[in-house]
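This report concerns only the one structure given below.
Rule-based calculations on the coordinates, nothing more; no lab input. If you're wondering where the values come from, they're calculated on a predicted model, not measured in any experiment. Because the Cβ atoms are built from the backbone with ideal geometry, glycine has one as well, and the counts that use them run over all protein chains shown.
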2 protein chains.
Amino acid sequence: MVEKRIGSDIEIAQQAAMKPIGEIAAQLSLSEQEWMPYGHYKAKLSIDILERLKDAPDGQLILVTSINPTPAGEGKSTVTVGLGQALNRLGKRAIIALREPSLGPNMGLKGGAAGGGYSQVVPMDELNLHFTGDIHAITTANNLLSALIDNHLHQGNALGIDPRRVVWKRAVDLNDRALRQITIGLGGPANGILREDGFQITVASEIMAVLCLANGLDDLRERLGRMVVAWTWDQRPVQVSDLGAQGALTLLLKDALNPNLIQTLENTPALVHGGPFANIAHGCNSLLATRMALKLGDYVVTEAGFGADLGAEKFLDIKARMGGLSPKAVVIVATARALKMHGGVARDQLGYEDVEALARGMENLEKHIETIKAFGLPFVVAINRFTSDTEDELAFINSWCDARDYPVAESRVWSEGGAGGETLAKEVLALIKQHKGHYRPLYDTAASIEDKLQTLVTRVYGGKGVEFSSKAAKQLADFKRLGWDRLCVCVAKTQYSLSDDPTLLGRPSDFVLHVREFQVSLGAGFIAALTGNVMTMPGLPKRPAALDMDVLPDGRVTGLF
Amino acid sequence: MVEKRIGSDIEIAQQAAMKPIGEIAAQLSLSEQEWMPYGHYKAKLSIDILERLKDAPDGQLILVTSINPTPAGEGKSTVTVGLGQALNRLGKRAIIALREPSLGPNMGLKGGAAGGGYSQVVPMDELNLHFTGDIHAITTANNLLSALIDNHLHQGNALGIDPRRVVWKRAVDLNDRALRQITIGLGGPANGILREDGFQITVASEIMAVLCLANGLDDLRERLGRMVVAWTWDQRPVQVSDLGAQGALTLLLKDALNPNLIQTLENTPALVHGGPFANIAHGCNSLLATRMALKLGDYVVTEAGFGADLGAEKFLDIKARMGGLSPKAVVIVATARALKMHGGVARDQLGYEDVEALARGMENLEKHIETIKAFGLPFVVAINRFTSDTEDELAFINSWCDARDYPVAESRVWSEGGAGGETLAKEVLALIKQHKGHYRPLYDTAASIEDKLQTLVTRVYGGKGVEFSSKAAKQLADFKRLGWDRLCVCVAKTQYSLSDDPTLLGRPSDFVLHVREFQVSLGAGFIAALTGNVMTMPGLPKRPAALDMDVLPDGRVTGLF
């Protein structure tokens, strides 16, 4: 481990030697008409590029996932960025495809989503603030739809919407707990119909999931039109197309649909586009960005939210299936810290050596490896190094993998950039060269919702079965009646455990998954199964990070991490 | 009148021969570092330009205002754009400074704010949708502040804020009546403190007014810090600086503070920046944009919201005073239609000739002329031609002006573009050449709020006095105690009448202005006096314009007007 002292993420990012974005676009052989500048270091790429390159071969798709993480995360984004940089150092034309961050958490708990250390995408501050306005466009479209629903209720309610059963919520891209549950329309007849409502954080809006799964402008409009916003007095679903609002929503989203191009600290191109919630939605960057990256690069490194039980499963069962993607290799990120946590070490003790606990915790990694194998994909374990890791701990992980013939490599990309990821990159290239990838989704969409969930519980989470609340059971009956049981399933579950109980670490078994309620996302094309306590509107902490933020006289940003 | 058939605004705008925005920037002799592209036809201009040109002479400032309008408006924006184009045709280096439009009204009643016919700024569709994200940034800053206030209440309320006296409202840039009056924080202790709240449309946020009056980044931070958000249990005001949130708000607004550059249909440069409400705020584009335009052009044409009793008064008493601007000439726009309305013709009869009614209505114009004279400024009356106007009507207006030695010119800029504004432009140039402008604000800020209002009522509105509700009277006492009575006054009043009663057309007299309540805008630097029924959150109509909007397969926009 190189023990150089490295600065904070924002300090490193501000020292980046960025190329003008036109140079990055030129590297990708884009014509002037195919990209639009947003400042000097960001661009939007026209989806017409996909039409021009429709007969060109796709690059090799590499998915980065992880074991069940500590609350600090396993560093998937950092490894993703670093691996892309490493591939470029090895002479490969690699592109990174990442999600764009939500502003809410940035203002709350410190920490954007641009990677870290010497493996970041830049300009980091702009990415973590308004970026190219995609999330603002989604917020606006979400809330225009709400305004149109309430206006419909106010202007005579021709569709017969039951105001108690409006399921479409308003959105704000902030952490704002006071908006979780509200009453609107107070103050008399001029102010509309009184009803209960609530705000979600924008990235939890179905519109974000729709944008990330749409295959183009027409598909976007159709998906938006299918979204269920309410139920009538006689229990029929009301969709956006019933209100006639799909055109206006499409209009508001037409620029947001174009993927964004930025670069890493080492000038590797990065498509950063879309960021759906990883619990009630599928948690991956946009399908259009991934498809475009595959046309523009020989290798595409992308990631999926949370551990392999959530992110990779949804990437492979939802996004890859809908988008016709065929990933060739998977990187499973693990840290000694998280493995020790799964072996029973308390969070405040994770910085100390404990090889025995580490050994016990390996069963969590083992389960995720089995999951990736179940999807027919080859993998490499990436050990994301922390300065507190000891040589004995790393030696143990390596020997554990070697004993099982599991490919394994250290990642030092946080402290060393792409150079620290070359070993990992070589392992990945070797896997792809061996043509071992035979991707297949885990369930058939023709199966019932119950069967799909049973498949996930037994084959991905390692439990024994699934139970439904009386509300969920009633919803299942509705879905069959309405023909919605052939959709994909998207499980909202804690990321800290393979089960739905965040305290069950390691590799729990014999547990049952408790489905409390379903949420219908017809536009996205899945039914979300909610387990445990799913929070779609975070709150701010005692001292929000926002209170330390400012702009210096020279225009530089302080307080962003 | 040229009787060519002209298309809809969006059709004309889509046929525009726009120059790449870099060419427009080059016309203004801007260096590459001084502008940032937002797509190919929009740019943000760095406020560093003002520092570079601080010793350069200012151009001549021309203010466009109007008589009390019909509900359709008098066409001030169209005349402003057309006059700028006409000045350029006459070989003058002219720049236009306009407000940016709010999305809410566009989605409601059809009609953006980009001028009309052959006198528009383009790209019209982008201007009327997300533009460069300024309003989204303001919405976000506004709502971050709300979240921080509610978080402060939730986390122990160290400042002792009375939750019943939080005056800071949330914002959304949409017409959404159901959000006018709401209850937040329902659902138990995890969801914060239960209290009443409401949403304003974003352009009514004090942050919009602050952005439009700030002289730079430091002034922006100071103004944001001064904003009053609540009152404590012991009746002390709580400001943003008490919460420590001014840095984060400044950070969110740092790009929005940079003026936007676009162009007219005839490639005249246009700075379109900021759009504060014209009732509870001052209703002019940003001070920074106006100052920058004055440094970059020899003539700057700008407008102020509603009629001269509201827009011009606030421009001259608030914006020009705070910003050290010295306008040289005023254009007072009038239409035969509005003059007939003031003469007693019903709205559905305004398309028919009625010279007698027109003659009676001239008294409204006369009053506004007196107002402009009271500010020490020369003026020209611009008759904004409609196809329904008759030759007799126009002859009457002309002879009425001639009899009084009032300069007057027809404006045909809607149907003819800049060519239709050359007569008007020549009149304006003549006024400026005569050096008749001796701008002075109407009141002294050292006067009491009551005296300032009395000045406005007697010298601008033509009434006899002002009355205060018991609430307003109590507020006046508070303001004296707190030293806030030396601020400017910003009157929120109907735009349809010189009085506070929208049914009193023509030139009412002997009326009293009834101040219902004051709203404190310490950040902006004024106290808003609310009269009548001030609406800061519009509603959608029975059939919102949004329902006719869409994107065509080739990417063109339909349904925007």
**Q.** Inter-copy separations for B:Lys19, label at 7 Å along Cα-Cβ, nm, ascending
**A.** 3.1
Q: List the lysines whose Cα lies under 21 Å from the Cα of A:Lys42, skipping any in the same chain that are fewer than 8 positions away.
A: A:Lys19, A:Lys254, A:Lys295, B:Lys42, B:Lys44, B:Lys254
Q: Could you work out, residue by residue across A:40-50, how many beta carbons of other chains sit within 10 Å of that residue's beta carbon, and then give the average as an integer?
A: 1
(Q) Need one number: nm distance between label points at A:His435 and B:Thr423, each 7 Å from Cα along Cα→Cβ, rounded to one decimal. (A) 8.1 nm
Q. Which FRET efficiency value, to the nearest 0.05, is calculated for B:Lys464 and B:Ala403 with the Förster distance at 45 angstrom and r the Cβ-Cβ distance?
A. 0.95
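Explain nothing, just the number: relative contact order of chain A, from Cα pairs under 8 Å at least 6 residues apart, as a whole percent. Walk me through the intermediate numbers first.
Values: 1269 pairs, mean separation 117.1, N = 561.
Relative contact order of chain A: 21 percent.
Per residue of B:184-191, what is the mean number of Cβ atoms on other protein chains within 10 angstrom of that residue's Cβ?
Rounded to a whole number, the mean comes out at 6.
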Q) Sorted by average packing, counted as other Cβ atoms within 10 angstrom per residue and highest first, what order do A:52-58, B:193-199, A:265-271, A:475-481 take? A) A:265-271, B:193-199, A:475-481, A:52-58
Q. How many angstrom lie between the C-alpha centres of the range A:506-528 and the range B:482-561?
A. 48 Å
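Please arrange B:Met362, B:Met227 by counting, for each residue, the other beta carbons lying within 10 Å of its beta carbon, fewest first. Before the final figure, lay out each step's value.
Working: B:Met362 22, B:Met227 27.
Sorted ascending by nearby Cβ count, the order is B:Met362, B:Met227.
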Q: Please name whichever of B:Thr268, A:Met341, B:Val413 sits farthest to the positive end of the charge dipole of the protein assembly as shown, dipole taken about the Cα centre and charges placed at Cβ: Lys and Arg +1, Asp and Glu -1.
A: A:Met341
Q. If you take the beta carbon distance between A:Ala447 and A:Glu51 as r and set R0 to 30 Å, what does 1/(1 + (r/R0)^6) give as a FRET efficiency, to the nearest 0.05?
A. 0.30
Q. How high is the relative contact order of the range A:449-530, given as a whole-number percent (alpha carbon pairs under 8 Å, six or more residues apart)?
A. 35 percent
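Could you work out the relative contact order of the range B:134-252, using alpha carbon pairs under 8 angstrom and six or more residues apart, expressed as a whole percent?
Numbers: 174 pairs, mean separation 35.4, N = 119.
Contact order relative to length: 30 percent.
State the number of lysine pairs found in the range A:449-530 whose Cα atoms come within less than 18 Å, restricting to pairs 8 or more positions apart or on distinct chains. Please report the intermediate quantities before stating the final value.
Working: A:Lys452/A:Lys464; A:Lys452/A:Lys474; A:Lys452/A:Lys480; A:Lys452/A:Lys493; A:Lys464/A:Lys493; A:Lys471/A:Lys480; A:Lys471/A:Lys493.
Lysine pairs meeting the criterion: 7.
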Q: Find every distance from the label point of A:His435 to the corresponding label point in the other copies (7 Å from Cα along Cα→Cβ) and write them in nm, one decimal, shortest first.
A: 8.9
Q) At A:Ala56, label 7 Å along Cα→Cβ: distances to the other copies, nm, ascending? A) 4.2
Q. So for the range A:450-501, Kirkwood radius off the Cα pairs, Stokes-Einstein at 4 °C and 1.567 mPa s: how many µm² s⁻¹?
A. 107 µm²/s
Q) If you place +1 on the Cβ of every Lys and Arg, -1 on the Cβ of every Asp and Glu, and leave all else neutral, what size is the dipole of the protein assembly as shown about its Cα centre, to the nearest 20 Debye? A) 760 debye
Q) How do the peptides A:144-153, A:392-401, B:309-318, B:411-420 rank, highest first, by the average count of neighbouring beta carbon atoms within 10 Å per residue? A) B:309-318, A:144-153, B:411-420, A:392-401
Q) Which ordering of A:Glu303, A:Glu100, A:Glu23, B:Glu366 is given by a fewest-first count of other beta-carbon atoms within 10 Å? A) A:Glu23, B:Glu366, A:Glu100, A:Glu303
Q. Taking θ as phi - 60°, what are the ³J(HN,Hα) couplings along the range A:90-100 by the Karplus curve (6.51, -1.76, 1.60), each to the nearest whole Hz, with x for Gly and Pro?
A. 7, x, 8, 7, 10, 10, 9, 10, 10, 7, 9
**Q.** Computed lengthening from B:Tyr352 to B:Gln235, 0.36 nm per intervening residue step minus Cα-Cα distance
**A.** 36.4 nm
Q: Work out the charge dipole of the range B:171-242 with +1 on the Cβ of Lys and Arg and -1 on the Cβ of Asp and Glu about the Cα centre, then indicate which of B:Thr232, B:Gly198, B:Ala209 is farthest towards its positive end.
A: B:Gly198
Q: Using the Karplus curve 6.51 cos²θ - 1.76 cosθ + 1.60 with θ = phi - 60°, work out ³J(HN,Hα) for each residue of the range A:246-258 in order, rounded to whole Hz, and write x for Gly and Pro.
A: 5, x, 5, 5, 4, 4, 5, 9, 4, 7, 4, 6, 7
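Students often check this: by mean Cβ neighbours within 10 Å, which of B:42-48, B:458-464, A:333-339 ranks highest, and how do the rest follow?
A:333-339, B:42-48, B:458-464
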(Q) If I model a spin label at A:Val167 and A:Lys373 as a point 7 Å from the Cα along the Cα→Cβ vector, what separation in nanometres do I get? (A) 3.9 nm
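Work out the length of the dipole vector of the range A:331-478 about its Cα centre, built from +1 on the beta-carbon of each Lys and Arg and -1 on the beta-carbon of each Asp and Glu, and round it to the nearest 20 debye. Intermediate results must be reported in sequence, preceding the final value.
Values: 18 positive and 22 negative charges, 132 e Å.
Computed charge dipole of the range A:331-478: roughly 640 debye.
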Q: Can you put B:His136, B:His438 in order of Cβ neighbours within 10 angstrom, beginning with the fewest?
A: B:His438, B:His136
Q: Please name whichever of B:Leu482, B:Gln495, B:Ser469 sits farthest to the positive end of the charge dipole of the range B:449-530, dipole taken about the Cα centre and charges placed at Cβ: Lys and Arg +1, Asp and Glu -1.
A: B:Leu482
Q) Averaged over peptide A:28-38, how many Cβ atoms belonging to another chain are found within 10 Å of each residue's Cβ? A) 2
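Which FRET efficiency, nearest 0.05, do A:Glu23 and B:Gln27 yield, Cβ-Cβ r, R0 35 Å?
Numbers: r = 26 Å, r/R0 = 0.75.
My answer for the efficiency is 0.85.
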